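Q: Questions regarding the structure given below will be posed in turn.
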Amino acid sequence: MTDKPIVALDFATKAEIDHFLTQMQTDDSLYVKIGMELFYAGGQHLLYELKTQGHQIFLDLKLHDIPNTVKSAMKVLAGLEVDMVNVHAAGGRAMMEAAKEGLISGSGTKVPKIIAVTQLTSTSEAAMQEEQLISASLNDSVVHYSRLAQEAGLDGVVCSAKEAGLIKAATNPEFLCVTPGIRLKSDSVDDQKRVVTPKEARELGASSIVVGRSITKAKSPLKAYQQILEEWGN
Ligand code: C5P
């Protein structure tokens, strides 16, 4: 997997994406993340355009359903030739195995990476214990789900950079830790609770960083991207 920062295209419309991309003319292509909102609002066409422009795509739909349904859905997503997809680890081992099978059956020569969400960062330890009736600590649950994802044949997890060391120690160094919650020193934190800089993420063992507002809301998105690229060490 490429190491370049993944830019979260959290825009409401395609017009806003087009405007953003015109400000991001670099020699190299981008790795972008498309979420549910845009995908459900007509995303297949958007994905096709982004691919035609040469960009790599992380399609962040976080699938979670019975194994057979997820398998069929993944087969379709693989046909869209995206580079990375994800599921909720809470769907279980059989669901994650089925997701991988679906991806393989729908892919040509290159199978997209597949990673798992462990516990959402919006879930507190108290909410996890009370609502999901999980008595373990949040960290233990995250590590447990990471191991389960690895055993099911997935490539990695979405996690905080602060959890990357723990997860790699519990799985293996090649297991991907794709980490949002990234800010430059000069940025505002917004609604993220625990942020790290690109350099800190690298030092903490992140395999890949996902960056949204630090780039999309910057006065010069291209300059912000280049600064992040440099700090990240690419
Ligand atoms: O703007 P910001 O850099 O905070 O955006 C981070 C991106 O990563 C958003 O698209 C957000 O939904 C996503 N994300 C996250 N935390 C997770 C999983 C995904 O912030 N645990």
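Q: Is it the case that segment 204-215 has a residue that's away from the ligand (no atom under 14 Å from the Cβ) and over 25 Å from T26 (Cα atoms)?
A: yes
Q: Confirm whether S105 is at pLDDT 95 or above, surrounded by fewer than 20 Cβ atoms within 10 Å (Cβ to Cβ) and hydroxyl-bearing (S, T, Y).
A: It is true that S105 is at pLDDT 95 or above, surrounded by fewer than 20 Cβ atoms within 10 Å (Cβ to Cβ) and hydroxyl-bearing (S, T, Y).
Q: Something else: Which ones in segment 193-223 are in a loop (DSSP other than H, G, I, E, B) and either among the small types (G, A, S) or touching a residue at least 24 places away in the same chain (Cβ under 8 Å) (or both)?
A: Within segment 193-223, K193, R194, T197, G205, A206, S207, G212, A218, S220 qualify.
Q: Ok, one more. Residues to consider are G153, G165, G181; find the one that is touching a residue at least 24 places away in the same chain (Cβ under 8 Å) and crowded, with 17+ Cβ neighbours inside 10 Å.
A: Residue meeting the stated conditions: G181.
Q: A follow-up question, please. Being of a type outside the set (A, V, I, L, M, F, W, C) and surrounded by 20 or more Cβ atoms within 10 Å (Cβ to Cβ) is the filter here, so list the residues in segment 213-224 that pass it.
A: Of everything in segment 213-224, those that are of a type outside the set (A, V, I, L, M, F, W, C) and surrounded by 20 or more Cβ atoms within 10 Å (Cβ to Cβ) turn out to be S214, T216.
Q: If you take the residues in segment 125-150 that are touching a Ser or Thr at 6+ places or on another chain (Cβ under 7 Å) and in contact (Cβ under 8 Å) with a residue 40 or more places away in the chain, which one is surrounded by the most Cβ atoms within 10 Å (Cβ to Cβ)?
A: Looking at the filtered set, the residue picked out is S146.
Q: Filter segment 14-53 for residues that are surrounded by fewer than 12 Cβ atoms within 10 Å (Cβ to Cβ) and outside any helix (DSSP H, G or I); which is nearest to the ligand (Cβ to nearest atom)?
A: Checked segment 14-53; the qualifying residue nearest to the ligand (Cβ to nearest atom) is A41.
The values are calculated or read from the model by the stated rules, or taken from the named source; none is laboratory data. Bear in mind that the values here come from a model prediction, so they are computed numbers and not experimental data. No Cβ is skipped: glycine too gets one built from the backbone with ideal geometry, and neighbour counts run over all protein chains shown.
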